[in-house]
Structures are given as structure tokens and as C-alpha cells.
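Written out below as C-alpha cells is the structure these notes cover.
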Amino acid sequence: MTDLEAIEHLQERARAFARPLHIASGFATLGVGIVGAGVMVLLQWAAAGVAEIKISVLGGCAGASVVPFGFNRFIKLMLQRRRTEWINEMVHGEGASREALEASFSFDSW
């Protein structure tokens, strides 16, 4: 296996590994936004007796905007752990160059 094929294979593995985590990030963002909006409605209802839906939705979206950043950090940490295992496997099993794989595969390239 050439180094270029090994790099492509490594990136495909990273994409396949990260895809379910990206989907979970979308659902978590949606869930946090809904829960945040619900909490804001309850707080406004308890404080004023009349809920302002616009402010509640804005508060829910503001809380949900933090979720993707947290998930991206989590995904990069998980990829960092797996990267070493995958590179070792490709070097020993396929005879690829460790230096080429480590230099070309960054956590933003997938």
C-alpha cells in the first residue's frame, strides 16, 4: 500500500468514526435549544405570569449555540486517541510510512 492510499484509508476511517458523533451533536443541539426555551418560558411564567415566547426562544438558542463547540472538542479528543492506534495498525500491517501518516493527517482534515 502506498502512502497516499494509506492516508486516504486513514481519513475514511476517521470520517466513519466521526459521522455518528456529528449526528449526535445535531440532536444534542436541538435538544438543548428546546429544553433551554422551555426553561426560559417557565422562568418568565413564574416571574411575570405572562410568557414572552420570543425571549424564551432566543434564550434557548443562545444555550444551544455552545453545544457544537463542545462536541467538536470531544470528537477531536476521540480522534486523537484513535489516530495513534490506526497509524500503528497501518504501519505494522500495511507497511506505510509512519512519518507520512502523522504529517498528513490532522484532526481538521477529515
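The values are calculated or read from the model by the stated rules, or taken from the named source; none is laboratory data. Everything numeric in this text was worked out from a predicted model, so none of it was measured. Cβ atoms come from the backbone with ideal geometry, glycine included; neighbour counts cover every protein chain shown.
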Considering E85, E102, which residue is at pLDDT 85 or above and either exposed (fewer than 12 other Cβ atoms within 10 Å of the Cβ) or at negative phi (or both)?
E85
Just one of the numbered conditions (1) modelled with pLDDT of 75 or more; (2) within 23 Å of the chain's Cα centre (by Cα) is not true of G59; which one?
(1)
